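Only one structure is covered here, and it is reproduced in the block below.
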Amino acid sequence: MRLEVPTPAGLSSALFSSVWRIRFSQEIDVVNPGGGVTDFSLSTTAKGVTISPSSGTTPARVKISLDPNL
């Protein structure tokens, strides 16, 4: 997952970077479109990104968090 936010006009990139160092999280549902139960495993190598739970069976709700301070 990659999140890019352009620097708004009138703000220096240094000021914008310090303002946007907030934590963000999103919950997603992992489902099998056919309705059955399926094992899943999710991983990332991105710095500051965590996935919880990172594995399980469908249907499941997964929380993906981004901490740009790490």
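The values are calculated or read from the model by the stated rules, or taken from the named source; none is laboratory data. Note that this is a predicted model, so its numbers are computed, not measured. Ligands, DNA and RNA are stripped out before the accessible areas are found, and what is left, the full protein with its side chains, is counted by its heavy atoms. Shrake-Rupley method; radii C 1.70, N 1.55, O 1.52, S 1.80 Å.
Heavy-atom accessible surface of Asp67, to the nearest 10 Å², is about 20 Å², with a 1.4 Å probe and all protein chains retained. The stretch between Leu42 and Lys63 holds 6.5 nm of extra length on full extension. This uses 0.36 nm per residue minus the Cα-Cα distance.
Note on exposure: Phe40, Phe24 ranked by accessible area (1.4 Å probe, complete protein assembly) read Phe24, Phe40, with the most exposed listed first.
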